[in-house]
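Presented below is the structure to which this report refers.
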Amino acid sequence: MAAAAGPAVGGAARGRGATSFQRKAAAGSRLAAVAGTRPSVRHGQLLLSSGLPSLDCVLGGGVAVGTLLLIEEDKYGLYSNLLFKYFLAEGVVCGHDLFVASAKERPDNILKELPAPLLDDTYRNELGEEATAVKSEEFQDSMKIAWRYQNLPKMEASPTSTKFGHYYDVSKTMSPELFQSIKWHSFYLPEELSSQPKMKTCSNMNSAYARLLQSIQRIIYQEGFDGSDPQKKQKNILRIGIQSLGSVLWGDDICSSDTPEDIHSLTKFLYVLRGLLRKSLSACIVTVPTHLIQNKAIMERVTNLSDTVVGLESFIGSERETNPLYKDYHGLVHVHQIPRLNSLICDVSDTKDLAFRLKRKLFTIERLHLPPDLSDTVSRASKQDLAESAKLLSSGCGAMAIGKKHLDF
C-alpha cells in the first residue's frame, strides 16, 4: 500500500505545479547561526550588540563583526568604563569568548564588576519599576512638552528579541555562575612585563603594544577565530576589550607631550589590529583618553584608523552640570564616525543631538530634548539661562522661544 501511495502523491504534487527543486541556503544564513549575532538588513554584514540597545540603534543596528569600536573617554572615565563593561557583559550573556586587556586594573577584577543582565521576566519587572518611578513626572509634563517633540519616537526602546541586545542592572554585579560557560583570556601589562622583561619588538612600536598584538594574534589563531579550523562544530565570536589605550600606563607619551617620541606607535598598533579583526570572527572595543592627547594630528590618524568612533562628554565639573537645560542628563554623546560597509554611504542616524543619563538601574542614550518654557513659575533669570544655552545646541534640536512670544517661528 505504501508503494502505491508514493506515485499517487507524486502525481498529485506534479498536478499542482510543484517541483523537486530546492533553493540552496545563502552564506548569510549560515553566519546568522552564530549566537548573539544577526545580519544587517542594509549591508548584509554580521552584527553583534554593543550591550546597549540604544547605542545599537544609533550605530545602525549594532557593531559589525571584524570592526573596531573606539570610545573617546570622558574626563573622569566613569561613563566610558561603563560602556566598556556593557560590551563585555553582552559577550558573557551570548556565550562569546572574551579577551580583556588593561594596564591599570586587573582583568579578573573588571569581569567581577560587570553589570547583571535583566532577562525576560526580570527585565519586565525592573523596567516596570523604572516606569512607575517616572510616570507621575511624565504625566505632569505631558501637557507642557514642546509641540515638535510630542510625536517623536523614543530612542530607548525595548528590543524585539531577547536573542540580540540585552538590558543590564548597573546596581548589581553579574553572577559568577555565568562565567563558567564561557572562555575568557586576560592581558595585564604589569604581569606581562615581569614575566618577559626583554622581548623583541617591531620598529616604531613600544613593547607594550607589541606584546598585546602577539597575545591577540595567538588567541585568534589558536582558538580558530580566523576560520582555519572549518571542522569546528560551533562557530563563536571573540570580543576584545582594551582599556585606556594610549595612556601613560601603556608606556606611550602621546598624552603627556605635544611632540611625543613614539608618534607612530599607537597608529601602527591600530593598523595591525584592524588587519587581525578583518580576517577573523571578532570585534574590538577600545577606550582612549582623547581629552589628554594634545597633538590633533595624532587624534585624526587614530580616528581614521578606527571603524566606529563615539565620544562621551560628561557634565561633571563643567558649567552644564548646574545648567537647567541639561538637568535631566549626565552628558552628551558625539558620533564622530560610522563605517561604510559594502556600500558607498554609511548608516547615519536621523538624530544628531544625543545625550546620556544614568538612571537608578539603567544607563540610556536618548534624544536631547529642550525643556519647555511655557510655565509661569519660571523666573526671568532661568529663562535667560535657557535662551543662552539653547544657542549652544545645533540646529537639529531647534531653537528655544526667544523674546516675548512663547513660540518664535
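Placing pseudo-labels 7 Å out from each Cα toward the beta carbon at residue 328 and residue 253 gives an inter-label distance of 4.9 nm. Per-residue Karplus couplings for segment 355-367, computed as 6.51 cos²θ - 1.76 cosθ + 1.60 with θ equal to phi - 60°, are listed in order as 9, 10, 8, 9, 7, 5, 10, 10, 10, 10, 10, 10, 6 Hz, Gly and Pro entered as x. Counted by Cβ distance under 13 Å from residue 292, the other residues give a net charge of -4, where Lys and Arg count +1 and Asp and Glu count -1.
Amide H contacts of residue 52: none lie under 5 Å away among residues 5 or more positions distant or on a separate chain (H built 1.01 Å from N in the peptide plane; Pro and chain starts excluded). Within the shell of other residues whose beta carbon sits under 13 angstrom from the beta carbon of residue 85, the net charge comes to -1, with Lys and Arg scored +1 and Asp and Glu -1. Remark: segment 86-92, residue by residue, has Karplus-estimated 3J(HN,Hα) of 4, 4, 6, 5, 5, x, 5 Hz, where x stands for each Gly or Pro and the curve is 6.51 cos²θ - 1.76 cosθ + 1.60 at θ = phi - 60°. Around the amide H of residue 311, modelled in the peptide plane, lie the amide H atoms of 72, 334, 335, 336, all under 5 Å away and 5 or more residues distant in sequence or on another chain.
Under the combined filter of DSSP loop state and at most 15 neighbouring Cβ atoms within 10 Å, segment 232-333 retains these GluC sites (Glu not before Pro): 261. Amide hydrogen proximity for residue 116: with H placed 1.01 Å from N in the peptide plane, the residues at 5 or more positions away or on another chain lying under 5 Å are 169, 172, 173, 174.
Computed from phi, the 3J(HN,Hα) profile of segment 211-219 under the Karplus parametrisation 6.51, -1.76, 1.60 (θ = phi - 60°) reads 5, 5, 5, 5, 5, 5, 5, 5, 5 Hz, with x in place of Gly and Pro. When Lys and Arg each count +1 and Asp and Glu each count -1, what net charge do the other residues less than 9 Å away from residue 62, Cβ to Cβ, add up to? Residues close to residue 62 contribute a combined charge of 0.
Read-outs: derived from the displayed coordinates by stated rules, not from any lab. Given the structure is predicted, the values throughout are model-derived calculations rather than measurements. All Cβ positions, glycine included, derive from the backbone under ideal geometry; neighbour counts span all protein chains shown.
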